[in-house]
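Here the structure is laid out as structure tokens; the discussion comes afterwards.
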């Protein structure tokens, strides 16, 4: 769309004003007057109520643009969207979703896009009038304000304070678009007839620097015309009111003396209140009436005992809660997962899940069948964005219920969070009607936070399957918090399960990894909770489960080294009173371990090593390295460009918490270690040294650390730098 | 059981732009949308830089070499993304010489931010193409196609007429794009036809500027190219060909595809036909080795999930050339109607139409699908093996550019099939 001569006559006029102020009536009369003057006019109603063109058509527009969007037949004749009204005025209504559902702002955006695609634009008409929803509540409703649409903005207001407040708000919105550009023609004063109204409006108009273009007096004639679905200009052409519109149009269309344009200069609220209501509110701490409230918020204390509150700074979110929730819930084999989202989100998360399942299957050396999972998505399209997606969600739930799966989880992406789909309500209704649990996980994409926040939401949702505490006590364990995206999850579990079988301890449930609804439900029996790791989220999850089921938490996370495993087995055996079995298991493994470590030590004693980690706990690395007789020159945690420092646990006094990359390279240069063990890529130009990677998810068990150590030992006998690095 | 959901229009638009080497996509999105696409773009562009947050600690990129993003959070959905957009554009302005395409993720597109205004205020209208509405849940090929048209509209090609053709419909989103481009270009050159540009598959903006000088647009995959073809026709009167037998997969369709292009240009594909004949002989002797012992591949079941321009020639070839039987065929969204109808007719003529619309069907020996889903199906015991024909890939590292198209591709397919079945 090209801009016309900036001096006018103006061709594209946006009419804004508070809801109910008479904006649609006034904009329809403006269009009618322009048409009477012989101009071709396009009138676009941008309000979901789609009643802007009623007075021009004599009826509600039967085909809104969003209706067209909903019907989605590409062959639909789009000329139906443009209805010819009074005196040849082309009338379009954007329409929108039903109140309370969908996203009307999205509807407006879609409207303009569809009109553009169809070539229905203002360039075919001498004048275009946009009648816009009163409250510019989101970017969608501000579309007509964009510079490629309106050349001129008129603000309709009365002299009442709330109307002026809304007008001032609109100026703030315009200012966001225009900064130093002048596009406002002035104020159309739609008088209510109050005694001080004229004076209030005058004050406002002077303060914001906008002229009052016309005063439309309060008049029954508008009501009469409305009753007949007509404009005043058409129904009462000889009336005073009609002549006022003609004068306004004469000014707006004058080429000899074009209407000036002004910049948006909104007032701050204090000034507005003071100006119009004569109230000085600058001294008060709140804009509401002061009411004493007996409430003391809990605030963290500072060192000197005073309370303080700071809004925490927000670091970037890594991944999204939507993906996190789906990842953990997909581990319940006989649960259906419905992702309420566009296809793009479903593609990303399904690829993640299937890839990680594939890798885990391949690495575990398990030759049986891979565990399937069931994930469908609602494929939110443009229609669902505008009108809401609950209908499609219900259909998806019904379809899912046809499978043999025993529970359905609904996880929401970003879009339904913005459009406001009531997932909880829908889930509750469908659960009642289908007679199976339909559990909503309203993470709303990133609404709940990042990937790990999502995993926690998923865990919490699945715990709804566990009925509180009537199950009695069982000699069994629940394994909590396995890292299901690692490629050794199954291999690690297989190893541990051997030990547990040797101790005659069954696994009641792997929460949540390759498990079933039955197993999760059976967690209502008290068992012993085995945390898979010692990170914060696993411990928190363990506590939640403990509280729900009454189960105790084993104090040791899964072991990686021989000694950790001995401690783990011994303590577990003690709890279950199978000490003799524990001792037998340890004895069996110890012999083999001693043999293997002896072989390794022949190659490693006296070697010097630097250890650096960007995140995972490295205490197991220190233990195995020391056991193999190596000298640790330095060990530290590298500060990540993205992760917060306090996530890293300092479990060994010799580990430096703030080990920088530069310091690492310096140490390598200074100390010339035989080996560096790290979690990051090292630039061979800066560090010409043999280095091995520390796995993020180490192997567990008696021989877990040893398997890594074997690989690191073999690196000691390879070249310092492999040939291929020279070509990077 | 579910496999990988097909990529949608957002992925198509991103990779459509990233398929042009001197274009960088910026995503107005949370990091969740970015990480996946950044990884895929890096892979598909065959970049040598390593993704690592320590090597690439610069803001917006989160350790990857492609697709910086505005890392939106829930507050941005309420208050808008204007500030972050300004900052990221300001950062990229002086660090990237080429064009930028700024794409809203679906959630961001609901906010209603005027991203065009941000670009204009930054003085970057010439360098930055906004995509405010990426589309929702449409097919990925449509996204590639639409993105290319947007880019061409921005660049405004002005090439002088040349005696060359454009290959359109190839995209880095497809499996084996590089190898396919190489194979098809080679076959055309052997027929005396030179390729001027391959929009979306490695041609840079300068090549695209010259692309309007082409004699003809030869469509490889119409799902990725119809709007592009229409753009060239409407603006530059460049005709396009939709080959009658679909994409050049299998000997028959390869022969047919080259013949159609040559016929339009008045060339003769002697050399290519000879090479196809020679390849057929090689293939036959290898097939015979297996067939003599087991009777295979005749009667083996296969399932396929693909666009119709690929599915039609492949199904036809597997059936007529190898005697394999389709047990499940699913056409992906956005499939070309012409080839869909031809496929349906073919299946009906051979009383095989009951397998249409189901995937993977009953007991397929081989599944032709994306690598990730194929690998899963194999692990689940649904099939004996799979052949990776679409995105996303299985995760196997690939160094030599391969293809499943043309002569080389037909031989590769036969090799894979025989190794799975023997």
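How far, in degrees from 0 to 90, does helix A:704-715 lean away from the longest principal axis of the Cα atoms of chain A, to the nearest 10? Helix A:704-715 sits roughly 90 degrees off the main axis of chain A.
Put simply, the Cα atoms of chain B extend 70, 52, 39 Å along their principal axes, the longest span coming first.
Within 10 Å of each Cβ of B:365-376, how many other protein chain Cβ atoms are there on average? Don't skip to the end; give the middle numbers.
Values: counts 0, 0, 0, 0, 0, 2, 2, 8, 4, 1, 8, 9.
Across B:365-376, the average partner-chain Cβ count within 10 Å equals 3.
For region A:154-250, what is the Kirkwood estimate of the hydrodynamic radius, computed as the reciprocal of the mean inverse distance between distinct Cα atoms, to one decimal in Å? Before the final figure, lay out the partial values.
Working: mean 1/r = 0.0688 Å⁻¹.
Final number for the Kirkwood radius of region A:154-250 is 14.5 Å.
Highest mobility in the GNM of chain B, judged by mean-square fluctuation with C-alpha springs under 10 Å and restricted to B:150, B:95, B:337, is found for B:95.
What list do you get for B:50, A:529, A:337, B:14 if you sort them by fewest beta carbons within 10 Å? Each step should come with its number before you reach the end.
Values: B:50 15, A:529 24, A:337 27, B:14 33.
Going from least to most buried by this count: B:50, A:529, A:337, B:14.
Here the alpha carbons of region B:267-315 define both size measures, Rg and Dmax, at 14.8, 43 Å. The calculated 222 nm mean residue ellipticity attributable to helices in chain A amounts to -12000 deg cm²/dmol, summing -39500 (n - 2.57) over DSSP H runs of n ≥ 4 and dividing by all residues. Fraction of C-alpha pairs exceeding 18 angstrom in region B:91-249: 62 percent, rounded to a whole number. Whole Å is fine, so just give me how far the alpha carbon centre of region A:10-67 lies from that of region A:457-511. What the calculation gives is 64 Å, centre to centre.
What average number of partner chain Cβ atoms lie no more than 10 Å from the Cβ of the residues making up B:110-120?
Values: counts 14, 8, 14, 4, 9, 1, 3, 8, 0, 0, 2.
Counting other chains' Cβ atoms within 10 Å and averaging over B:110-120 gives 6.
Relative to the first principal axis of the alpha-carbon coordinates of chain B, what is the inclination of helix B:140-155, with its axis defined by its Cα atoms, in degrees from 0 to 90 and to the nearest 10? So the helix axis and the longest Cα principal axis differ by about 50 degrees. The Cα center of region B:123-166 and the Cα center of region B:181-248 differ in position by 14 Å. Sorting the segments A:603-609, B:279-285 by their mean number of nearby beta carbons within 10 angstrom, highest to lowest, gives A:603-609, B:279-285. In degrees between 0 and 90, to the nearest 10, how far off the longest principal axis of chain A does helix A:562-575 point, with axes built from Cα atoms? Value to nearest ten degrees: 90. Among A:354, A:720, sorting on how many other beta-carbon atoms sit within 10 Å of each Cβ, with the fewest leading, yields A:720, A:354.
Just need the relative contact order of chain B here, percent rounded to a whole number, with Cα pairs under 8 Å and 6+ apart. Computed over chain B, the figure is 15 percent.
To the nearest µm²/s, what D does Stokes-Einstein give for the protein assembly as shown at 25 °C and 0.890 mPa s, using the Kirkwood radius over alpha carbon pairs as Rh? Mind showing how you got there, number by number?
Working: Rh = 33.8 Å.
After rounding, the answer is 73 µm²/s.
Distance from the Cα centroid of region B:43-95 to that of region A:200-273 is 48 Å (rounded to whole angstrom).
Binning all Cα-Cα separations of region B:244-350 at 5 Å, short to long from zero, yields these whole-percent fractions: 2, 12, 18, 21, 18, 16, 10, 3, 1, 0. Using C-alpha pairs below 8 Å separated by at least 6 residues, the relative contact order for chain A is 10 percent.
Coordinate-derived values only; no laboratory data. Computed from a predicted model, the values in this text were never measured in an experiment. We place every Cβ from the backbone using ideal geometry, glycine too, and count neighbours over all the protein chains shown.
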